[in-house]
Each structure stands twice: as C-alpha cells, then as structure tokens.
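Everything on this sheet refers to the single structure shown next.
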Amino acid sequence: MGGNSTASASAVWFLIGPFDSAETTRYLPIYSVPFTIGRREDLSLSLPCKTVSSLHAEITEAGESLVLRDLGSTNGTYVNGQRLTAPVTLKEDDLVQFANMAFRVRRQSAHHHSHTHTIQENVCDGALALVQFDRLMSQRAVTPFFQPIVSITTKEVLGYEVLGRSRLFGLETPKDMFRVAAQLNLEIELSVMLRWEGIQASRPLPGTPYLFVNTHPRELAAPGLLESLKALREGHPEQRLVLEIHESAVTDGPRMAELRSALTKLKIGLAYDDFGAGQARLNELVESPPDYLKFDMSLIRDIDTASPQRHQLLASLVQMVRKLGIVSLAEGIENQAEAETCQQMGFDLAQGFLYGKPASAVAFK
C-alpha cells in the first residue's frame, strides 16, 4: 500500500487468531504500518465477518511500540475487554477484539522471524478461549460431529457417538471446551448443551441410528442429570439414545443402579466408556452392568502384534463381558489387522478411523 512504512526493525509484532471463515488459527506478522483492519479485501487484515465494519481499525507505530485506534466502527474495538474510546498502546499478550473477532498480540525479535510468512499453527490460548467461551454458550456455537459405531462382523452402521466440536478459536475440541468450563464452574451446563445440540444436529444422519451421548463426571455427583435427560427424551421421543459414562465415574454402586433404572424408564441405554484406561472397576461392572462396555483404545492399539499375555487378558475380559450380557465395543480401531483380531476375540461392535473419522451429520448422507 502506498504511504506504508516498515515496522520497527528490532522486533516483529504478530496477531494470533482466526482470520477466515474456517477460523484457521495463524500467526500474522505486522511488517508495515499503518496496518488496517476491516471487512474490505484491500486492507492489511481482511476479516470476512458481518459484525466487522468495512474499515474497522488501524495499527500505527510509536517508537518501539504499536498503537491501536478504532476508526468509528459499529461494533467497537476492544483491548483486554475494554472498548476503545481513544488510541491505546499495545503490549505483548494483549487481547484485541474487532467486534467479536478476538486475537492475541505477540512479539518476536526481528532476526527470529524477519522472513516469516503467515504460519499456520494450532494455538490454544487460555485467555483468548475465556473470551470466546461466553459466545460458545450464549450462541450455542458448537458444531457437533459424529463417528460411526459398526457391527464388527457385518460392518453395518448401528449408531454414532456424538462428539462436541467448535470453530471458535481456542475451543475447537471437547478438551479445550471443558478446560475453560472448569475455570468457570460450568462443566455441567456445557455437557447438557453439547448433548442437546448434538441430537438436534443429527437429523441428516441416514436411517434410525443409536446416538451415544456423553456425560461429564461432575453430573453424576450433582442434581439435574435425570431432569436434563427427561427433557432430552421429551424433545426427541423417537430417538434411540445411549448415555455414556466414563469408567472412572462408576464408583457408587447403588447410585448407578438407580440411574440405570431411571434410564430404562426413559428408554435410554447405558454405556461405560474408556474401560481399561484407568482402574478397571470389575465389581461395579458386575453389580451395575451397563448395556454397552466401550474398551479404551489403549487396550486395542496394536493388539494384532501384542504379546500373548496381553492378548489373552483382553480376550478373557471380552468373554466375561459377554457372559454378563453386555455388548462389547472396541474403540480406536485404525487398521484391518486390529479389526480382525478384535473380531476373533468376540467383540460385538467397533469404532475408529477404519470405519469413519468424526464428521458433521451431512457427511454421512
């Protein structure tokens, strides 16, 4: 752009965040000033977002520092949550927002990145994620994904696990979402929302599959789980549902029996997830048997080349589960050799990349 000058040679400043409709996280160096931001395509940073003004803000230089000013935008420019009413000098790690588009400010020595182009990188910035979390909850801005669960013998798809995803920067995966939710004591609210939105988004799936929906361990120790499941059932009376509970949360036998009874009345199945990932709770498995037991992928990985002892242990567990009338499911199958070995052991169902990666419901039409 004519009239631009090169930014300070002693350091290179970056903006980190999502720059396009797919919300890919990138590092964008600020090599020259003024650095203009807005919706127009001819600007230094073009943000194709309706809440961003055509010419929204600009960054200029003052000595070794950068100065950010709003250019009369409709929805405002913010630094660390404060709307700008005058130019502000930026500091490293400042959180900058142009309307609802949030970015982190970073600074590198010039010799380190003087020839760097835009570098795509998977960045999980905690402070930025906190800003985004309110948007996630208030706008229910999740993108549910689904992973097939198949008969290990016929490969027929019998159901899908509902997996939480988001395109919000720093909150792309369930791990990211619940990490931030824990800081705000909102794990239960997030879990309830993910189940509801997942079922809502499942309509394009073919046939009448079972949907395996997840819980957060805190839900089992707090009131409200059954009420949320009743509301789920009332809103989707014909949907086949299975509630997944992490194996580590299965510690209270009487409470699990009570939950199992309530789920039966709601016509919702019960699955224990990640069996074998930690302490295998065999007593609870016998006292409060689920409908499904999902063997953790750590037990399945490379099982085709495992030692005879490991092979025998897993086969024995599968046979014990079968005698208890529980449907066994092998998680994390990635290749045909693992699948064949699991089938020989007597597994009923399978899940993993071999049968399909997590994707939106329309991908399975």
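Numerical summary
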item: Per DSSP, loop GluC sites (Glu not before Pro) in segment 283-358 with at most 16 further Cβ within 10 Å; result: E334
item: Exposure of S46 as accessible area (Å², to 10), given a probe of 1.4 Å and all protein chains; result: 40
item: Neighbourhood net charge (13 Å Cβ-Cβ; Lys/Arg +1, Asp/Glu -1) for S202; result: +1
item: Distance cut-off 13 Å, percentage of C-alpha pairs in segment 299-338 lying past it; result: 54
item: Angstrom value of the Kirkwood radius, inverse mean 1/r, which spans all Cα pairs in segment 273-365; result: 13.8
item: Whole-number D in µm² s⁻¹ for segment 167-275, Kirkwood Cα-pair radius fed into Stokes-Einstein, 4 °C, 1.567 mPa s; result: 88
item: Charge dipole (debye, nearest 20) of the chain; +1 at Cβ of Lys and Arg, -1 at Cβ of Asp and Glu; result: 640
item: Distant-in-sequence amide H partners of R165 (H built 1.01 Å from N, under 5 Å); result: T143, F145
item: For the chain, built as a Gaussian network whose Cα springs stay under 10 Å, the top-fluctuating residue of Q147, Q132, Q343; result: Q343
item: Charge dipole (the chain, unit charges on Cβ, about Cα centre) - positive-most of L263, N185, T251; result: L263
item: Cut-off under 5 Å, modelled amide H: who pairs with H246 long-range; result: T215, D273
item: Lysines with Cα under 24 Å of K267, excluding same-chain neighbours fewer than 8 positions away; result: K230, K294, K323
item: Residue-wise HN-Hα coupling along segment 33-50, computed from phi with Karplus coefficients 6.51, -1.76, 1.60 (Hz; x: Gly, Pro); result: 10, x, 9, 9, 10, x, 8, 5, 6, 8, 8, 4, 10, 9, 10, x, 10, 5
item: Estimated vicinal HN-Hα couplings, Hz - segment 318-324 in sequence order (Karplus 6.51, -1.76, 1.60; Gly, Pro = x); result: 4, 5, 5, 4, 4, 5, 7
item: Tail weight of P(r) past 40 Å, computed on alpha-carbon pairs of the chain, percent; result: 31
item: At R0 = 22 Å, FRET efficiency that the Cβ-Cβ distance of S54 and N80 yields, to 0.05; result: 0.30
item: Percent of beta bridges antiparallel (DSSP, the chain, rounded to nearest 5); result: 65
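The values are calculated or read from the model by the stated rules, or taken from the named source; none is laboratory data. Being a predicted model, the structure only gives us computed values, none of them experimental. As a convention, Cβ positions derive from the backbone with ideal geometry for all residues, glycine included, and neighbour counts pool all protein chains shown. Please note that ligands, DNA and RNA were not included when accessible areas were found on the heavy atoms of the full protein model with its side chains. Shrake-Rupley method; radii C 1.70, N 1.55, O 1.52, S 1.80 Å.
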